[in-house]
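Data block below; observations after.
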Amino acid sequence: MENMTLEQKKAQFDEFFMMRHPLNVNVSLQSDAEPLPAVEDLDTHMPYAFRIAGEMASIEAQALRPLRHLSDHAESLADYLNHQARKIDLMMSFILHQQDDEDCRYTTDKFGGGGMVIVSQTALEVGRTAQIKLFLDQEAAAIFCYGEVIACEKAGNDYHIAFIFNRIREQDQELLVRASLHLQTLELRKRAQTRREDPSS
């Protein structure tokens, strides 16, 4: 990605679906002297809570997948295991939120698998890199990655700053894609419900 032009980075950023939704994110700017880690070395730079959260999500998905092929007699077992998984998700969410640093907290305007746009009171220079933590409450998960500013636009009294993710694990990128699509589905269901309850709206 270092050899890509700004226009190429913007085009790659736009390839992913973006969901307009507020998420808490931590953005810690890197100095020019700090080299970004290779993608394969991200685990060693990642806080331990983020590493185990990713492993737990993977284990949970693998454990629940075989239940889909069981007969109706296993429905109670599946319900029980899903409730247990939800309890673990809630505990994991609590642990991950301890990683949320108020001093470098921002809110997203929108996000997707390729990047995010944050709302900031101050401008950032295009090309600045940052360590990023995204907190996904709906998924009881969080993402640790690095990003680069590819746009900074004035929006009222604030700035909308676009980051492309330039160091992110593949499983975390897939989680962001799923989370954005999940939120879109919930939004569409809410709109459909509103229309049913109030046809004149």
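Just so it is clear, none of the values below were taken in a lab; they were calculated from the coordinates. The structure displayed is predicted, hence computed values, not measured ones. Backbone-built Cβ (ideal geometry, glycine too); neighbour counts: all protein chains shown.
Rg (Å, one decimal) plus Dmax (Å, integer) for the alpha carbons of the chain?
For the chain, the Cα-based Rg and Dmax read 18.9, 60 Å.
Relative to the longest principal Cα axis of the chain, at what angle does helix 170-197 sit, 0 to 90 degrees, rounded to 10?
Taking the Cα atoms of the chain, the angle to 170-197 is about 70 degrees.
Mind checking Rg over Rh on the range 130-194, alpha carbons, Kirkwood formula for Rh?
1.06
In nanometres, what is the gap between the two model label sites at His45 and Gln98, each 7 Å from Cα along Cα-to-Cβ?
Spacing of the two 7 Å Cα→Cβ label points: 2.4 nm.
Please list 3J(HN,Hα) in residue order for the range 6-14, calculated via the Karplus relation 6.51 cos²θ - 1.76 cosθ + 1.60 where θ = phi - 60°; whole Hz, with x for glycine and proline.
Couplings: 4, 5, 5, 5, 5, 5, 5, 4, 6 Hz.
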